[in-house]
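Asks: Got a structure for you, written out below as structure tokens; questions coming shortly.
We did not get these values from a lab; they are worked out from the coordinates using the rules stated. Predicted model, so just to flag it, every value in this text is computed and none were measured. So basically every Cβ, Gly included, is an ideal-geometry build from the backbone, and we count neighbours across all protein chains shown.
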Amino acid sequence: MKTPSQPWAPACEEQTVAYFTYGERELAHLRSRDARLADAIDRIGPVRRTVDPDLFSSVVHHIIGQQISTKAQATIWARMRERLGEVTPETVRGAGRDALQELGMTYRKADHLVDVAERAATGALDLEAVRQMPDDEAIAQLMTIRGVGRWTAEMILLFCLERPDVLSYDDLAIQRGLRMLYHHRRITPRLFARYRRRYSPFGSTASLYLWAIAGGALPDLIDRAPASPKKRPSARGAGAPGKAGARTETSPKAQKKTDERPVITATYPSPLGPLVLAADEQGLAGAWFEGQAHFGEFGSTRRALGDTERTEAAPTTGNGTVDAARSALEAARAWLDAYFAGTSPEALPPLPPLHLLGSPFQQRVWELLRAIPYGGTTTYGALAHELEERFGTRTSARAVGGAVGRNPLSIIVPCHRVLGANGAVTGYAGGLERKRALLALEGRKEAS
């Protein structure tokens with residue numbers, strides 16, 4: 001890791017608490033790249049965020065803290081430290097699910113913790129190897145842990161590994177800080193990428209200041225985001241000590257039309273039949289096999305929003321949103337080419353930003369789908385249990401199946417990895433033969 005010339009950490013108190021390390025080198029770079037951020041840095045002063053340098057402990061801490069308040073997380077964590085002494089793979093594995101659940105967490109979280117402890121203790125998960133991996137590889141490896149998604153993995157990179165260039169698009173408070181500092185109404189993936197390049201290679205330090213801004217450190221700055229329906233408060237919202245923001249979710253009703261937003265479509269000739277791809281300025285929005293069930297719902301939703309549809313071959317009007325959509329289609333094609341060629345998941349090219357339109361319930365189901373690893377499977381019932389644990393949404397396997405069937409991004413959001421209760425291949429909007437073929441491509445043999 002870096003060695004800043006003047007780290008912002010307490011000088012006169014005993015170092016029982018570790019803080020994210022940055023100093024004049026990082027601040028000088030950010031000041032030189034952005035006048036508004038320079039002014040914010042000078043007005044706010046040093047920002048301290050605690051870190052946990054123990055990777056296993058950090059993973060456990062983050063899994064415990066999902067979808068509960070910071071206070072509840074601290075209470076459970078204190079009980080765990082008191083019960084186990086040290087939080088290690090051996091002590092967590094030895095405690096077992098029932099004892100962990102008695103600390104105040106759900107049974108499923110306890111199950112996740114025992115699973116990661118088992119993998120770490122047996123060497124199936126090499127956490128020390130994660131420390132040596134580049135950011136993208138480390139995120140991909142952390143996401144193989146049950147209960148860890150991309151946002152959580154990014155936070156582990158920042159608050160445990162102290163990676164210097166973490167700026168998370170999925171973080172609600174980061175987006176809020178950007179809107180407030182630069183007077184934007186919304187942050188598109190393209191705009192976000194511009195700020196990421198500007199702050200690099202010290203995006204993590206920029207994140208600390210954007211979180212501070214989002215939390216009200218500069219009262220004269222306001223959030224200019226368009227009014228939208230109220231969202232359930234998040235325990236990880238802006239300003240929570242030692243915490244980052246929450247992820248965003250987009251529903252059709254919450255999205256308002258401000259100008260023409262063309263949706264660009266193209267056909268991809270997959271080995272399993274033509275795939276219709278759709279993208280807009282915010283990213284890849286659709287991927288369906290021709291004739292797939294629920295395909296028509298995408299068009300009706302877009303028309304309700306006032307969006308216009310055109311083919312990729314249609315002439316551009318000079319609107320930058322068209323270029324962004326075409327870039328998303330290009331990246332999707334490259335990913336699909338590699339996927340169907342049997343490329344290993346860690347070697348697949350990066351996906352474009354994804355822009356899925358659906359109800360809050362559908363969004364949550366699709367988020368869980370994205371966490372199913374390549375070559376892995378789950379069941380509709382297991383997803384229903386996961387929804388209740390993570391989001392407090394009590395539902396049925398049938399309701400989950402309805403949301404899975406309406407997934408607008410076939411293959412990329414891997415709904416084909418969801419099986420029936422007995423492991424049977426069932427319920428795929430693109431057809432069961434395609435589902436079997438996709439599972440076979442990923443190395444899963446169908447149960448006899």
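Asks: If you take the alpha carbon radius of gyration of region 93-207 and divide it by 2.2 N^0.38 Å, what ratio comes out, to two decimals? Can you show the working numbers first?
Replies: Numbers: Rg = 17.3 Å, N = 115, 2.2 N^0.38 = 13.4 Å.
In units of the 2.2 N^0.38 Å rule of thumb, it is 1.30.
Asks: From the alpha carbon gyration tensor of region 321-448, can you work out the equivalent ellipsoid semi-axes (sqrt of 5 times each eigenvalue) and give them in Å, largest to smallest?
Replies: Values: eigenvalues 119, 80, 28 Å².
Its equivalent ellipsoid spans semi-axes of 24, 20, 12 Å.
Asks: Which GluC sites (Glu not before Pro) from region 29-113 combine a DSSP loop assignment with at most 16 other Cβ atoms within 10 Å? Working shown, then result.
Replies: Details: sites: 82, 86, 90, 102; in loops: 86, 102.
Loop-located and lightly packed - 86, 102.
Asks: Considering the dipole of region 315-445 built from charges on the beta carbon (Lys and Arg +1, Asp and Glu -1) around the Cα centre, which of 410, 341, 426 is farthest to its positive end?
Replies: Ranked along the dipole, the leading option is 426.
Asks: Still on this structure: Between residue 396 and residue 99, what is 0.36 nm times their sequence separation minus the Cα-Cα distance? Round to one decimal in nm. Working shown, then result.
Replies: Details: separation 297, 0.36 × 297 = 106.92 nm, distance 2.80 nm.
Here the segment from residue 396 to residue 99 would lengthen by 104.1 nm.
Asks: Here's a follow-up. Semi-axes of region 381-431's equivalent ellipsoid from the Cα gyration tensor, sqrt of 5 times each eigenvalue, largest first, rounded to whole Å?
Replies: Numbers: eigenvalues 71, 34, 16 Å².
Ellipsoid semi-axes (Å, largest first): 19, 13, 9.
Asks: If you don't mind, another one. Can you sort 47, 130, 59 so the residue with the fewest Cβ neighbours within 10 Å comes first?
Replies: On the way: 47 18, 130 21, 59 28.
With the fewest neighbours first, 47, 130, 59 line up as 47, 130, 59.
Asks: Moving to a separate point now. What translational diffusion coefficient, to the nearest whole µm²/s, does region 54-159 have by Stokes-Einstein, given a Kirkwood radius computed over alpha-carbon pairs, a temperature of 10 °C and 1.306 mPa s viscosity? Please list the in-between numbers first.
Replies: Details: Rh = 13.8 Å.
Estimated diffusion coefficient is 115 µm²/s.
Asks: For residue 197 and residue 440 in one chain, what is 0.36 nm times their gap in residues minus the Cα-Cα distance, to one decimal in nm?
Replies: Numbers: separation 243, 0.36 × 243 = 87.48 nm, distance 3.91 nm.
Value of the extension gain: 83.6 nm.
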